[in-house]
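The values are calculated or read from the model by the stated rules, or taken from the named source; none is laboratory data. If you're wondering where the values come from, they're calculated on a predicted model, not measured in any experiment. Quick reminder, even Gly has a Cβ in these numbers, built from the backbone with ideal geometry, and neighbours come from all protein chains shown. For accessibility, only protein heavy atoms count, side chains too; no ligands or nucleic acids. Shrake-Rupley method; radii C 1.70, N 1.55, O 1.52, S 1.80 Å.
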Amino acid sequence: MNILFATSEATPFCKTGGLGDVCGALPRELAKLGHGVTIVLPAFRQAREAGVPIEPTGVYVEAPIGQKHVRGHLLRSRLPHSTVDVVLVEQDHFYDRPHLYRVEGEDYRDNCERFTFFCRAALEAIPKLGLAVDAVHCHDWTAGLIPAYIKTLYGAHQPWRGLVSLLTIHNLAYQGNFWHWDMALTGLDWKYFNWRQMEFYGNLSFLKTGIVFADALTTVSPTYAREILSSPLGAGMEGALQRRQADLHGIINGVDYDVWNPAVDRYLGDRRYGQHDYAAGKAACKQQLQRRLHLPQRPDAPLLAAISRLADQKGFDLIVRVMRHWAERVDAQWVVLGTGEPKYHEALSLLAVEFPDRVAVRLEFSDELAHQIEAGADIFVMPSAYEPCGLNQLYSLRYGTVPVVRATGGLADTVVNATEETLAAGTATGFSFEDYTSLALAEALDRAVRAYQHKPVWAQLIETGMRQDWSWRHSAEQYVRLYEQTVRRGPVEALG
Ligand code: ADP
């Protein structure tokens, strides 16, 4: 099977979140399974400065964008340690900028043009580079027009005739909506600008377009795939998604265990630990973490952690409320690593100043500290309002850091709540709660801390969690089955 990945992020070239992780890891895993994968990316400044060798091909693509004719140069690279080819669309006016999508809290004003061109360039690259492609796998709104182009302007001609497309939604909250006159930039007939196809409450929506025109849809966990079929998590797209329900699949993201694994973690030095001998290594990591954070070095005090974008989605309003209550009353320590909304920077900094023996806050992005927290903490706190998949709970399981999560999206699919039954069955891996309230979070944390004090139960939770296998292999196999099924069925008629 030959798959073209159309995405605006892929590690190590460029990344702003989970999308980059997935598009860097899944192609490599597909290639290991014997499939041909080419990734097409915009040649963002970040990608060109990533330190991976990139070469010019001398091949150009052209596309009309409204009244303009835009030309791009195709560059070629390789996903490190793999056989995956990477094609980068060089168009400096669009992509040679300090950020990918937005600057100082404002989206770039020409995002519609930038990603319309990207969608067309990805399709133009197929014949120009002679790429063998059985299916185009599009990711998020930035590639959302591709399925529509295949079904309209391009699909009547070779080599695009009969080509199938899949769209993966990594987070439905990012929709690529633009004012209606931008429709003229796409070159697509205005007849598609209607509420059943490309229009979304008066705007042109790239994501909705992808949902309507792709031959198959996926999102990054089975529970999120169900949740987005209704309000509020459908974010207004629930109607379009319901109409595509038969073609919508939930496939959980995997973890790169070469990077996120306490047995090989390069940030842990001689404190690395494995599944069967974690106790001493984990205790040393905790001590080192407490030292680094200037918290009292107490092996017995439960250490609770959160590493995250500081955003409403991640449940920080609940965390801040519970932290204050607990810092006053409960003998536990907290560490938060994150950057994001100023209101959370403020509230967390205040807590760290008021309770220096119980609260440590680092308002920065640090991969090193993230690894050391995963290793040194006892409990990982993730009370998300919604969570398409979530990665940190999966890292926590492997590091023997027991997750406390809200039962939503990928969190519900990957953490088994500790109850009498699941403990007896040996399946419990953490604690989960339903209601999005600080009371429900506090109750779940309370259960976790009580279990922490009961050593055999805690050891069982840690060991069961560390044994879980969330590697990419399983998920990549599910994608392969879906590619095969989609290609076999051929293009489906777009909803009209
Ligand atoms: P999302 O993609 O919604 O931000 P995920 O849990 O899927 O959330 O992935 C977030 C990734 O970013 C994880 O790898 C997490 O460790 C990392 N991360 C988030 N904030 C920070 C930070 N301040 N420092 C280091 N890593 C961070």
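Miscellaneous remarks
- Ordering Asn177, Ala63, Leu337 by Cα displacement along the dipole of the chain toward the positive end leaves Ala63 in first place; charges were set at the Cβ atoms of Lys, Arg (+1) and Asp, Glu (-1).
- Helix 342-354 and the long axis of the chain differ in direction by around 10°, with both axes built from C-alpha atoms.
- Dipole of the stretch 269-469 computed with +1 at Lys/Arg Cβ and -1 at Asp/Glu Cβ about the Cα centre; of Gly390, Leu303, Gly315, farthest Cα towards the positive end is Leu303.
- Surface accessible to a 1.4 Å probe, per residue, for the residues of the stretch 1-73, Å²: 39 Å²
- Of the chymotrypsin sites (Phe, Trp or Tyr not before Pro) in the stretch 100-191, the ones in a loop by DSSP (not H, G, I, E or B) with at most 11 other beta carbons within 10 Å are Trp179.
- Nearest-20 debye value, the chain charge dipole, Cβ charges on Lys, Arg, Asp, Glu: 500 debye
- Calculated FRET value between Glu434 and Val59, using beta carbons and R₀ = 45 Å, to 0.05: 0.25
- Its relative contact order, with pairs defined as Cα atoms under 8 Å and 6+ residues apart, puts the stretch 13-136 at 26 percent.
- According to the calculation over all Cα-Cα pairs in the stretch 269-469, the P(r) per 5 Å bin from zero is 1, 8, 18, 22, 23, 17, 9, 2, 0 %.
- Within a straight-line Cα-Cα reach of under 18 Å, Lys191 can be paired with the following lysines, leaving aside sequence neighbours fewer than 8 residues apart in one chain: Lys151, Lys208.
- Efficiency of FRET between Gln313 and Tyr257 - r from beta-carbon atoms, R0 30 angstrom, step 0.05: 0.70
- If R0 is taken as 56 Å, the Cβ-Cβ distance between Asp446 and Arg78 corresponds to a FRET efficiency of 0.65.
- Extension reserve of the His454-Gln468 stretch, reckoned as 0.36 nm per residue once the Cα distance is removed: 2.8 nm
- Carbon + sulfur, % of accessible area of the stretch 269-469 - ligands and nucleic acids excluded, 1.4 Å: 52 percent
- Within straight-line cross-link reach of Lys455, lysines at Cα separation under 23 Å, skipping those fewer than 8 residues along the same chain: Lys282, Lys286
- Relative to one another, the C-alpha centroids of the stretch 198-230 and the stretch 396-441 are positioned 28 Å apart.
- Difference of contour (0.36 nm per residue) and Cα-Cα distance, Gln275 to Glu368: 31.4 nm
- For Lys314, the lysines whose Cα comes closer than 23 Å to its Cα, not counting residues fewer than 8 places off in the same chain, are Lys15, Lys343.
- The long axis of helix 455-467 is offset from the longest Cα principal axis of the chain by roughly 20 degrees.
- Considering only the chain, percent of DSSP beta bridges that pair antiparallel, nearest 5: 30 percent
- A 1.4 Å probe run over the stretch 269-469, with the rest of the protein chains in place, finds 41 Å² accessible per residue.
- Every helix of 4 or more DSSP H residues in the chain counts as -39500 (n - 2.57), and over all residues that averages to -11000 deg cm²/dmol at 222 nm.
- Degrees, to the nearest 10: 367-376 long Cα axis against longest axis of the chain: 40 degrees
- Tensor-based shape of the chain (alpha-carbon gyration tensor, a/c under 1.5 rounded, otherwise prolate or oblate): prolate
- Estimated at 0.36 nm per residue, the fully extended path between Asn2 and Ala283 surpasses their Cα-Cα distance by 96.5 nm.
- Placing +1 on the Cβ of every Lys and Arg and -1 on the Cβ of every Asp and Glu, with nothing else charged, gives the stretch 1-139 a dipole about its Cα centre of roughly 180 debye.
- Asp331 contributes an accessible area of around 80 Å² to the protein surface, as traced by a 1.4 Å probe with all chains present.
- Of the GluC sites (Glu not before Pro) in the stretch 324-392, the ones in a loop by DSSP (not H, G, I, E or B) with at most 12 other beta carbons within 10 Å are Glu364.
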